[in-house]
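Scroll down for the structure; my scribbles are underneath it.
None of the figures in this text is laboratory data; all of them are computed from the coordinates on show. Fair warning: this is a prediction, and the values are worked out from it, not measured in the lab. Backbone-built Cβ (ideal geometry, glycine too); neighbour counts: all protein chains shown.
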Amino acid sequence: MDLGSNSFHLQIGRVVDDQIYLLDGLRDPVQLGAGLTRERRIDRTTQIRALDALSRFGERLRGFPRGAVRAVGTNALRVAKNAEQFLAEAEAVMGFPVEVIFGKEEARLIYIGVAHSLPPSTEGRLVVDVGGGSTEFVIGAGLKPELMESVSMGCVSYSFKFFPDGALDKQSFKRAELAAANEIERLVKPFRRAGWVQAVASSGTARTVASILRSYGWCERGISAQGLDRLRSSMIKAGDINALRLPDMREDRLRVLAGGVAILIAVFSELGVDSMEVSDSALRQGVLYDLLGRVQHHDAREATVSHFQRRYHVDAPQADRVAVLAERLYAQTVTDPAEDDLLMLRWAASLHEIGISIAHAGYHKHSAYILAQADMPGFSQHEQARLSRIVLAHRGKLTKSELEGLRARSADWSLIYSLRLAALFCRSRNEIKFPKFLAGSTDTGFHLALPADWREAHPMTQAALEEEAQEWAVLGMKLELRTQNGERLHPAG
């Protein structure tokens, strides 16, 4: 599902020999971006319209396993201050969670979708997708995106800003094109330096414009700069969006046409493009192929984690030691753990020390900052925030302000507990024989039982565990430490 700023789309596909064959699709012109108030809140009328659409989508997806469905939200949900409240309602009516993705992640997925719809090629491709609230620019080769950017300008936002009453005149177009050109300006040098052989436009705006140009004989295929000029002149001559005589034009698409045309004109002018092919595929097809990669264990998130380990010179053996022990602790602590939680724990263990590349003192804070702010292909906003929070909490005080929003029953506390103890046990950074332990959770916290002889042989670790119990006690949770025979090692917190 693609919850765009203009339209919501549901796409269902069937996998045959690593290819996705589209079976069914639904579309609803929600125009979520148009419902954003000046305070950047989605108004309730628009929310209700969106929830009605998602309820219908949910009915179509009834019976699908959770791992076979992925829903992504784009610009409107990135900027809306009340997005969290809306997303909770969306999951309730739809039955599946929505991931809000960063602009560069949206660009990556768009490129994947477009690339799968084109003939194989090793030559550079420029892909531009004019959405409702943002426009994505990507240069890649084959199926691999290489340079990705997202700009906060879209057909909905520009149409409502520069053509609010539907009037079409030279000054409105000039203001819209100039605003778009200013946004694109910072991309020009790096994109021209990277270069491309083929230029492709995707999204509903591009398909609509290409259809208009073809119907009037202004461009036989795709979109041309000359065709755009003629379309703009025709729109200005009409004087009003409702006076346009365009064949087979949906009303919801007509209302946002002017903003989309102005953005495309600026794109062509600033990047020096004469013509663009138009792809029928875009974000939702990219999400399908990315989901297929996860199912087939070609998860882009795994590649990102490996890249970050190399980039920040992570001590891989140490990260592996921590990951192995954390997973053992978690397996005993949580009954029937969710796959998403297991992945999050492993990634947190793999990346918990990336901040050491900046400074050892407070390295967990540096690690958390990097994970919260860096571009991490494959990860949604929520996943990055969650990963950052767990890594931040693996060391130091548990009363950090960043943890205040965690509910008492949140699954993240078990992840934090497992990672904290694993890092504590592995503090020597040597290969050690982990003791046989018994771990578990209670209504008020956690418990851990260790062999008495191991405890006696590791007094420093025992002292650290007692300090750890005090940390949980300050938080109002218990970490109860026992020997294997049941003797309590430290008073319950």
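Annotation: the residues Ser134, Ser159, sorted from fewest to most other C-beta atoms within 10 Å of their own C-beta, follow the order Ser134, Ser159. Counting only alpha carbon atoms, the long axis of helix 412-425 and the longest principal axis of the chain meet at about 50°. Relative contact order, whole percent, for the chain stands at 12, derived from Cα pairs under 8 Å and 6 or more residues apart. Once the Cα atoms are used to define both axes, helix 83-94 deviates from the longest principal axis of the chain by about 90 degrees.
Restricting the GluC sites (Glu not before Pro) of the stretch 1-94 to loop positions (DSSP other than H, G, I, E, B) with no more than 12 neighbouring Cβ atoms within 10 Å leaves Glu39.
Using only side-chain charges placed at the Cβ, +1 for Lys and Arg and -1 for Asp and Glu, the dipole size of the chain relative to its Cα centre rounds to 700 debye.
Given H placed 1.01 Å from N in the peptide plane, which residues other than close sequence neighbours of Ser441 have an amide H under 5 Å from its amide H? The list, which skips near neighbours in sequence, is His447. With neighbour counts taken as other beta-carbon atoms within 10 Å, the residues Trp454, Trp347, Trp196 rank, fewest first, as Trp454, Trp196, Trp347.
As a proxy for reagent exposure, ranking His116, His352 by other Cβ atoms within 10 Å from fewest up yields His116, His352.
Modelled spin-label separation between Ala457 and Asp24, with each label point placed 7 Å from Cα along the Cα-to-Cβ direction: 6.0 nm.
Within the stretch 286-359, none of the GluC sites (Glu not before Pro) combine a DSSP coil assignment with at most 15 other C-beta atoms in a 10 angstrom radius.
If I take R0 = 35 Å and measure r between the Cβ atoms of His297 and Ala359 in this structure, what FRET efficiency does the formula 1/(1 + (r/R0)^6) give, to the nearest 0.05? So, using R0 = 35 Å, E works out to roughly 0.50. Nearest 10 degrees, 0 to 90: what angle lies between the long axis of helix 103-117 and the longest principal axis of the chain (Cα atoms)? Rounded to the nearest ten degrees, it is 60.
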